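Peer 1: Sharing a structure below in structure tokens format, with a few things to ask.
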Amino acid sequence: MANKQIIMAPSLLSADFANLKSEVRDVEKAGAEWLHLDVMDGHFVPNLTIGPLVVDAIRPHTKMVLDCHLMVSKPEDWVEGFAKAGAHVITVHCEATHHLERLLKRIQELGCKAGVSLNPATPLASVEEVLDIVDLVLVMSVNPGFGGQKFIDSAIGKIERLAELRGSRKYLIEVDGGIGPSNIARVRKAGAEVFVAGSAVFGQKDRAAAIEGLRKAAEGAK
Ligand code: DX5
Ligand code: ZN
């Protein structure tokens, strides 16, 4: 395996939005390294969620890496706002912008790590030309818009090919959607190292047990 680290990134989408501060602290205490923030605009995906204001409000309350997943049309209009709000990683969808290379470099100029994401039906070839510059590739294993959906199996092959293509490149492979104790080992084995989990962490009462269970299952991947 190219990269040995396992990074757990609970998705805030499944948190109790009336208690964000304590929810964020809870998963940090439970051992999460990253906090995944799903930004939806009602155009690129059929749902509306949070904006830079929420990222800015959360920032003083955690040391976790703030991993902002922009599911918005024209992400170029928003990256500066998220960088200023304190995002550490900003991921944009290749389907949402015409000038992907320029946008990824802009994110890096703003002092953030730049990620590119692709929907389940988008071929890997759509991001191949930017693999030399990205810090992270986020493979969607559900059609974005909602938590709690079923994992789409074709993501496994995509992750395997991304891991093969990596060679000496630096990008992390992140997977998002339908991740849980029953499939995390397969996803790990395919080559992913950042695991987004909404329902499987925030949806559980005992977040420490949930994260530990997922991590153990991922570590056990052969
Ligand atoms: C889906 C979001 C995901 C979502 C994952 O559009 O990008 O981050 O919160 O939720 P689960 O883990 O419940 O599939
Ligand atoms: Zn996400």
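The values are calculated or read from the model by the stated rules, or taken from the named source; none is laboratory data. Worth saying up front: this structure is predicted, and the values here are computed from it rather than measured. In this analysis, Cβ positions are derived from the backbone assuming ideal geometry, glycine residues included, and neighbour counts consider all displayed protein chains. The area values use the complete protein model at the heavy-atom level, side chains included, leaving out ligands, DNA and RNA. Shrake-Rupley method; radii C 1.70, N 1.55, O 1.52, S 1.80 Å.
Peer 1: Go through (1) closer than 18 Å to Ala32 by Cβ; (2) out of contact with any Gly (no Cβ under 7 Å at 6 or more places or on another chain); (3) open to solvent by 20 Å² or more (accessible area, probe 1.4 Å) for Gly111 and report which single condition fails.
Peer 2: (1)
Peer 1: For residues that are within 21 Å of Val65 (Cβ to Cβ) and among the hydroxyl-bearing types (Ser, Thr, Tyr), tally how many sit in the range 124-157.
Peer 2: Total meeting the criteria: 1.
Peer 1: Specify the residue that is least open to solvent (accessible area, probe 1.4 Å); the eligible residues are those in the range 40-60 that are in contact with a Ser or Thr (Cβ under 8 Å, 6 or more places away or on another chain) and not in a loop (DSSP other than H, G, I, E, B). Give the derivation first.
Peer 2: Our first condition is that a residue be in contact with a Ser or Thr (Cβ under 8 Å, 6 or more places away or on another chain); within the range 40-60, this holds for 40-41, 43-44.
Next cut, not in a loop (DSSP other than H, G, I, E, B) only: 40-41.
Numbers: Met40: 10, Asp41: 35 Å².
The qualifying residue least open to solvent (accessible area, probe 1.4 Å) is Met40.
Peer 1: Kindly list, by first and then second residue, each pair from a residue in the range 173-186 that is within 18 Å of Gln5 (Cα to Cα) to a residue that is of a type in the set (Phe, Trp, Tyr) and not in a strand (DSSP E or B), limited to pairs with Cβ atoms under 7 Å and residues at least 6 apart or on different chains.
Peer 2: Ile179/Phe151; Asn183/Phe151
Peer 1: Of all residues in the range 12-27, how many are over 17 Å from Gly147 (Cα atoms) and either open to solvent by 60 Å² or more (accessible area, probe 1.4 Å) or assigned to a strand (DSSP E or B) (or both)?
Peer 2: Total meeting the criteria: 5.
Peer 1: While we're on this one: With respect to the numbered conditions (1) within 13 Å of ligand 1 (Cβ to nearest atom); (2) buried (at least 24 other Cβ atoms within 10 Å of the Cβ), which one is the sole condition not fulfilled by Ala192?
Peer 2: Checking Ala192 against (1) within 13 Å of ligand 1 (Cβ to nearest atom); (2) buried (at least 24 other Cβ atoms within 10 Å of the Cβ), the one that fails is (1).
Peer 1: Another question about this same structure. Can you name the number of the only condition in (1) farther than 17 Å from Glu128 by Cβ; (2) within 16 Å of ligand 2 (Cβ to nearest atom); (3) touching a Gly at 6+ places or on another chain (Cβ under 9 Å); (4) not basic (Lys, Arg) that Glu212 fails?
Peer 2: (2) is the only condition that Glu212 fails.
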